[in-house]
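The values are calculated or read from the model by the stated rules, or taken from the named source; none is laboratory data. Values in this document were obtained by computation on a predicted structure and should not be read as measured data. Quick reminder, even Gly has a Cβ in these numbers, built from the backbone with ideal geometry, and neighbours come from all protein chains shown.
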Amino acid sequence: MSGSNSYYVPHESSWPFLTTISIIVLFIGGANYMNGYASGTSVMLLGLAFLFIVTYGWFSTVIRESEAGIYNSQVDISFRWGMVWFIFSEVMFFSAFFGALYYARELSLPWLGGEGAKAATNIFLWPQFENVWPSNGPTNANGEFTLVKAGGIPALNTILLLTSGLTVTWAHHGLKEQNRKKLIYGLIMTVLLGFIFVGFQAYEYMHAYSDLNLKMTSGIYGSTFYMLTGFHGFHVTLGAVMLTVILFRCINGHFSGDNHFGFEAVAWYWHFVDVVWLGLFVFVYWL
Amino acid sequence: MSTNIDKLHDDHHHTPSGIMRWITTTNHKDIGSMYLWFSLIMFFVGGLMALVIRAELFQPGLQLVVPGFFNQMTTMHALVMIFGAVMPAFVGLANWQLPIMIGAPDMALPRLNNWSFWILPFAFTMMLSTLFFGSGGPAAGWTLYPPLSLQGGDSFPFTILSIHMLGLSSILGAINVIATILNMRAPGMTLMKMPIFVWTWLITAFLLIASMPVLAGAVTMLLTDKFFGTMFFTASGGGDPAMFQHIFWFFGHPEVYILILPAFGIVSTIIPAFSRKRLFGYDSMVYATASIALLSFIVWAHHMFTVGMPLAGEIFFMFTTMLIAIPTGVKVFNWVATMWKGSMTFETPMLFALAFIVLFTIGGFSGLMLAMVPADFQYHDTYFVVAHFHYVLVPGAVFAIMAAVYYWLPKWTGKMYNEGLGKLHFWLTTIFVNLTFFPMHFVGLAGMPRRIPDYAVQFADFNAIASVGAFGFGLSQLLFVYILFNTLKKDVTAEDKVWEGAEGLEWTLPSPPPYHSFEEAPKVD
């Protein structure tokens, strides 16, 4: 893979420290924004901009080192374990919100509707409440709302994401066969499908807010719907940006048929985002 | 390409001096030391908060602080001690020890390592700064139960976002630990030949990666419930405040083992060294640790037996919780069996490890009492619970950290600490820790509630004793700091193999070890 035998240990770096600074600025701004102080927004944006610059710098350093061939195969394995466990942590992050969805549907709403162990809440507070999913709770929080139909944009988005999973694999084959055309066109298609997905998702949100009265404030349905699809959409956006970076790297001739961890890491991430979507499609939109 | 390599290699050789060395370092020993010093500072910050609590509770009635500030102290004391003192101490030990125990040049991902450390001081500065806000710091307890936690002042989003940062730091640190252990072992060191401390950290890292993101999810829902109108924890919108408790404790119980599994590893290292025998039942120790870790994901609701769960839930969580006693019992048995007919000596690390076995077991048994649903209805939210988790965390986790510091300090610094002072520190600490926490069992069983600044006069005597113990414990730790500085300024050097009975690769290195631990991987048979 490379000429270097010993494990590469970078000996000093300001990037981690600068990343921390940008996160703390972002968070202080965010907290002030949430507390309703006017200064919060600009501080938050400053932190965000700084975070972009620093991330760019940090990744550039790593890419430069990688291109210089100083990462041996053992370093490559460290990167792989790192990415695998990072994705596992993301799975657990989403499982908290899926857990909230199941808990609400299987336990708290039936109890509020008068079933089982905690029927007293129903008897004393909301005897008129019947549990029917989707629900915005016994007080009909934020009024009646209509669902996004699973057969519409969500089904289309499912097709888009599944197809993008295929195109990224196609590009990967191109990379392994040293077929640049296959690689680059495969990646371009994947990036486009990703951004189209995000566009549809944004359209769906606007439609839900303005026409369906489905909002974050629509009780537990609105809460779980926007939290799950929102964090997923954020991850798709991130994944699409990462794919774009990989696309430019491929155009610049980075990666070889047997050494392309950066490509693979982003492809794994993309498949992870895909799998989360399938869970969303089934449990949020469909059932 | 070769010029590029040379350029990058040249960069290695000039080490920045002064503060920039510490800000930019990617060296596992530098980062380990920063973690340990940070942990020590936070131990005193959290300790001062505990002393405010104990000073107020010295007598019944309200003397020193207003109830609101008392609540901020109980909340912050927990957050600081868990996320600022105990966890960073273990990560610091992992940083120092893992590479030199498995024969690696450094941690697998050195820049990530720097990042996971430097997040901590910033996150804690943000969190602690809320104490100076007009509306004060967070005061709803470290568990942040809604709706109470949503009724605080300006501190709320700062607390939540600092918890996000602490979680990020832990996850990154854990990823690094796993990658290091799985990928950086010396040739010949199979998994079942790894030092037991390495095993316990591997499993701890798994627990961290599996549980910290769930905490992030839980506190994110709190944030959106407060500021963006979601209703996860509001019954009128179809949510449930008890749901937060479920999600929180799904994180919280693995977290408890994150705080104790590395301690098990330390004790399992030190007991054999000073018994001059091999660890009894190495394989069963590994399997017991893994069993405890897996069980930790299906016991969470024992923290909330009184919240009103279906009977089936109460029974399920009661029995799974009691199952944990089996692998834990295996461990205690193995430690005792390791000492059986051993040629034992009682240096300071061994004293702390022995006290760990006895006192942690007391905490384990009170945990078993709490696991029984009908009994827990009586004990819940009393000082009995406080006594229980302080027995597993102070003479448990903290004693193990102290033992580890005494055990490896000569290796790290190349200098031997003063054994007499170490023993004095041990005895003072052990006496005062029991004086502080043992009486809490009695007042708890008699019904004294936790997290309340005032109490009925019948509890006065035991509370006075506990407060005296707490101040004694706090002052004894100043001796620990003195011992550390006293060791650092000595000029006698320690031997490479400091302890006669110690085993492991770290003792084959000089004391202190070279900057890059193992440039060439050693061979392990």
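Evaluate the following for B:Leu421: is it closer than 29 Å to B:Ile270 by Cα and either in contact with a strand residue (DSSP E or B) (Cβ under 7 Å, 6 or more places away or on another chain) or part of a helix (DSSP H, G or I) (or both)?
Yes.
Restricted to segment A:1-24, and to residues that are modelled with pLDDT of 95 or more and more than 23 Å from A:Val245 (Cα to Cα), which residue is farthest from the other protein chains (Cβ to nearest Cβ)?
Per the stated criteria, the residue is A:Ile21.
A quick yes/no check of all residues on (1) farther than 24 Å from B:Phe117 by Cα; (2) in contact with a Phe, Trp or Tyr (Cβ under 9 Å, 6 or more places away or on another chain); (3) part of a helix (DSSP H, G or I); (4) not aromatic (Phe, Trp, Tyr):
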{"site": "B:Pro146", "(1), (2), (3), (4)": "yes, yes, no, yes"}
{"site": "B:Ser162", "(1), (2), (3), (4)": "no, yes, yes, yes"}
{"site": "B:Met165", "(1), (2), (3), (4)": "no, yes, yes, yes"}
{"site": "B:Ser169", "(1), (2), (3), (4)": "no, yes, yes, yes"}
{"site": "B:Ile175", "(1), (2), (3), (4)": "no, yes, yes, yes"}
{"site": "B:Leu182", "(1), (2), (3), (4)": "no, yes, yes, yes"}
{"site": "B:Phe206", "(1), (2), (3), (4)": "no, yes, yes, no"}
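Working only within segment B:219-236, note down all residues that are at the interface with another protein chain (Cβ under 7 Å from one of its Cβ atoms) and touching a residue at least 40 places away in the same chain (Cβ under 8 Å).
Within segment B:219-236, just B:Phe227 meets the criteria.
From the list B:Phe346, B:Phe360, which one is within 27 Å of B:Val405 (Cβ to Cβ) and crowded, with 22+ Cβ neighbours inside 10 Å?
B:Phe360
Any residue at all in segment B:278-288 that's crowded, with 24+ Cβ neighbours inside 10 Å and either under 30 Å from B:Ala216 (Cα atoms) or among the hydrophobic types (A, V, I, L, M, F, W, C) (or both)?
The answer is no; no qualifying residue exists.
Which residues, taken from segment A:186-237, are touching a Ser or Thr at 6+ places or on another chain (Cβ under 9 Å), more than 23 Å from A:Tyr102 (Cα to Cα) and of a type in the set (Phe, Trp, Tyr)?
Passing the criteria: A:Phe195, A:Phe197.
Quick one: what pairs do we get from segment A:25-38, first residue facing chain B (nearest Cβ under 9 Å), second acidic (Asp, Glu) and surrounded by fewer than 21 Cβ atoms within 10 Å (Cβ to Cβ), C-beta under 6 Å, 6+ apart or different chains?
Going by the 6 Å Cβ cut-off, the qualifying pairs are A:Asn35/B:Asp154.
Would you mind finding the one in B:Pro99, B:Pro67, B:Pro138, B:Pro110 that is within 20 Å of B:Leu168 (Cα to Cα) and in contact (Cβ under 8 Å) with a residue 24 or more places away in the chain?
Of B:Pro99, B:Pro67, B:Pro138, B:Pro110, the one residue that is within 20 Å of B:Leu168 (Cα to Cα) and in contact (Cβ under 8 Å) with a residue 24 or more places away in the chain is B:Pro110.
The rows are residues; the columns are (1) within 11 Å of chain B (Cβ to nearest Cβ); (2) assigned to a helix (DSSP H, G or I); (3) at pLDDT 95 or above.
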{"site": "A:Arg80", "(1), (2), (3)": "yes, yes, yes"}
{"site": "A:Trp85", "(1), (2), (3)": "yes, yes, yes"}
{"site": "A:Glu90", "(1), (2), (3)": "yes, yes, yes"}
{"site": "A:Gln128", "(1), (2), (3)": "no, no, no"}
{"site": "A:Asn142", "(1), (2), (3)": "yes, no, no"}
{"site": "A:Val148", "(1), (2), (3)": "no, no, no"}
{"site": "A:Gly151", "(1), (2), (3)": "no, no, no"}
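Here is a list: B:Pro453, B:Pro439. Which entry is modelled with pLDDT of 95 or more and either farther than 25 Å from B:Thr74 by Cβ or not in a helix (DSSP H, G or I) (or both)?
Of the residues listed, the single one that is modelled with pLDDT of 95 or more and either farther than 25 Å from B:Thr74 by Cβ or not in a helix (DSSP H, G or I) (or both) is B:Pro453.
Which residues, taken from segment B:233-271, are within 26 Å of the chain's Cα centre (by Cα) and not in a helix (DSSP H, G or I)?
B:Leu259, B:Ile260
For A:Gly113, indicate whether it is in contact (Cβ under 8 Å) with a residue 24 or more places away in the chain, more than 9 Å from chain B (Cβ to nearest Cβ), out of contact with any Leu (no Cβ under 8 Å at 6 or more places or on another chain) and surrounded by fewer than 20 Cβ atoms within 10 Å (Cβ to Cβ).
So A:Gly113 fails the test.
Could we say that B:Pro262 is under 27 Å from B:Tyr391 (Cβ atoms), more than 7 Å from chain A (Cβ to nearest Cβ) and not acidic (Asp, Glu) here?
So B:Pro262 passes the test.
Cβ-Cβ distance below 6 Å, separation of 6 or more or different chains: which pairs start in segment B:151-162 with a residue that is facing chain A (nearest Cβ under 7 Å) and end on one that is among the polar types (S, T, N, Q)?
Close Cβ pairs satisfying both conditions: B:Asp154/A:Asn35; B:Asp154/B:Ser135; B:Phe158/B:Thr130.
Just one of (1) among the β-branched types (Val, Ile, Thr); (2) touching a Phe, Trp or Tyr at 6+ places or on another chain (Cβ under 6 Å); (3) assigned to a helix (DSSP H, G or I); (4) surrounded by 18 or more Cβ atoms within 10 Å (Cβ to Cβ) trips up A:Ile70, so point out which.
It fails just one condition, (3).
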